[in-house]
């Protein structure tokens, strides 16, 4: 089907609406919907939270009787199954829409194409593929989990211009400036879960939560989400040798925590929000690939990796990272032994890890570089 400039404009609006749910919809995808009748937007909506109305339902509620005879622009194929809410394909059919354009089909192989089939069987014209690339980027974590049974892993790294993350005495606060640190809070808040290692929790006394005050200095403030409404990502710690204890600052914040370990330690009394997940070992440590598959089975779409150079290096070595975000400060820290990632020595250029830059922006005085890994090469 040939899409018109007007089609692009309405779908672009639907994508902007979908983005409003990026802090709250997990584990569901971000979806936006626009209803158009006689060249006028008569209804629009987005999915806010799992268990609440989907984008199509919210748009129909806004449009009311004007839905009849309208065209729906949806960023994802309308769902066809009964879950916590009724199927949106049936809702659009009953509301009387005459045409549905979706940016992409549902990536879930169990339901892919079935929503469009319901609409087609009812005599409703359908099309898909409009602004598909933007729609894919909007839900890259959900799509990755559906396709690979693993989360989309983003590794955040911060360093000086000469690639150092801390002085030899351990001092590392602060390498980057406040804008970069606020951006990290924003990325944490959009993630299903944050993963780190036991060393970071013990040595750095890290909490790894989303700090509302810092978040309000970002685009998050435009959504008017209160501190009580803020969704804290699941915090995950890899602790192969059971070195963590409940008295650490990490466990003082009552939000869901998962400890990944190779053996269960039952002698300690943990808070009710802490769960242990037993993972098969690989060379005496948690098998990271299996761990990711297990986390995906718990509906984790986007995993934000914030760890030291050893754990980050192991993820990189095993080619388990999908996206890197580097924060580079305009500082030279000299001969420090704390590098970005700990990787095995390469003896040939064909062995090096190759990345593809996708975005470079200024964050105050710092640079933020986004790069994608070449997983096909791994």
Fill in: Cα Rg, Dmax, segment 251-378, angstrom units
17.7, 50
Fill in: Folded to 0 to 90 degrees: helix 5-19 orientation relative to the chain principal axis, Cα
50
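Subtract the Cα-Cα distance of residue 290 and residue 3 from 0.36 nm times their separation in residues, and report this length gain in nm to one decimal.
On the way: separation 287, 0.36 × 287 = 103.32 nm, distance 4.28 nm.
Length gained between residue 290 and residue 3: 99.0 nm.
Quote the relative contact order of segment 140-373 in percent (integer), defining contacts as alpha-carbon pairs under 8 Å separated by 6+ residues.
Values: 446 pairs, mean separation 74.4, N = 234.
Taking the mean separation of contacting Cα pairs over the length of segment 140-373, I get 32 percent.
Rounded, prolate or oblate: which one fits segment 164-235, using the alpha carbon gyration tensor with axes a ≥ b ≥ c (rounded when a/c is under 1.5, else prolate when a/b beats b/c, else oblate)? Please list the in-between numbers first.
Values: a/c = 2.83, a/b = 1.61, b/c = 1.76.
Oblate, because a/c is 1.5 or more while a/b does not exceed b/c.
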Worksheet item: Using only helices, what value at 222 nm comes out for the chain when you add -39,500 (n - 2.57) per DSSP H run of length 4 or more and divide by the total residues, to the nearest 500 deg cm²/dmol?
Response: -7000 deg cm²/dmol
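Could you check how many percent of all C-alpha pairs in the chain are farther apart than 40 Å? Kindly include the intermediate steps, with their values, before the conclusion.
On the way: 15194 of 71253 pairs.
Distances greater than 40 Å cover 21 percent of the Cα pairs.
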Item to complete: Only residues of segment 77-116 count here: report those whose backbone N is under 17 Å from the spot 7 Å along Cα→Cβ of residue 65, or say none.
Response: 95-97
Worksheet item: By how many degrees, 0 to 90 and rounded to 10, does the Cα axis of helix 178-190 deviate from the longest principal axis of the chain?
Response: 60
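Can you tell me the length gained on complete extension of the stretch residue 243 to residue 121, counting 0.36 nm per residue apart and subtracting the Cα distance?
Details: separation 122, 0.36 × 122 = 43.92 nm, distance 5.84 nm.
Going from the current span to full extension adds 38.1 nm.
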Worksheet, complete the sentence: Label model pair residue 265, residue 231: point-to-point distance (7 angstrom along the Cα→beta-carbon line) in nm is 3.2
Discussion item. Using a 10 Å cut-off around each Cβ, can you sort 272, 81, 54 from fewest to most neighbouring Cβ atoms?
Written reply: 272, 81, 54
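Is the C-alpha gyration tensor of segment 1-74 telling us rounded, prolate or oblate? Criteria: a/c under 1.5 is rounded; beyond that, a/b larger than b/c is prolate, otherwise oblate.
Values: a/c = 2.66, a/b = 1.44, b/c = 1.85.
It is oblate, given that a/c is not under 1.5 and a/b is not larger than b/c.
Per-residue counts of other Cβ atoms within 10 Å, averaged by peptide: what ranking do you get for 25-32, 142-149, highest first? Provide the component values of the computation, followed by the final result.
Numbers: 25-32: 24.6, 142-149: 18.6.
Top to bottom by mean Cβ count within 10 Å: 25-32, 142-149.
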Practice prompt. May I have the convex hull volume per residue, in Å³, for the Cα set of segment 184-309?
Written response: 115
Worksheet item: What are the extents of the Cα atoms of segment 71-111 along their three principal axes, listed from largest to smallest and rounded to whole Å?
Response: 26, 21, 12
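How would 358, 159, 214 line up from fewest to most surrounding beta-carbon atoms within 10 angstrom?
On the way: 358 12, 159 24, 214 18.
Lowest to highest Cβ neighbour count: 358, 214, 159.
Could you give the length gained by full extension between residue 111 and residue 168, i.e. 0.36 nm per residue of separation minus their alpha carbon distance, to one decimal place?
On the way: separation 57, 0.36 × 57 = 20.52 nm, distance 5.35 nm.
My answer for the length gained is 15.2 nm.
Rounded, prolate or oblate: which one fits segment 270-311, using the alpha carbon gyration tensor with axes a ≥ b ≥ c (rounded when a/c is under 1.5, else prolate when a/b beats b/c, else oblate)?
Values: a/c = 1.29, a/b = 1.20, b/c = 1.08.
Since a/c stays below 1.5, the shape of segment 270-311 is classed as rounded.
A short reminder: the numbers here are calculations on the coordinates, not readings from a lab. Just so it is clear, the structure is predicted and the values come from calculations on it, not from any experiment. All Cβ positions, even for glycine, are placed from backbone atoms using ideal geometry, and neighbour counts span all protein chains on display.
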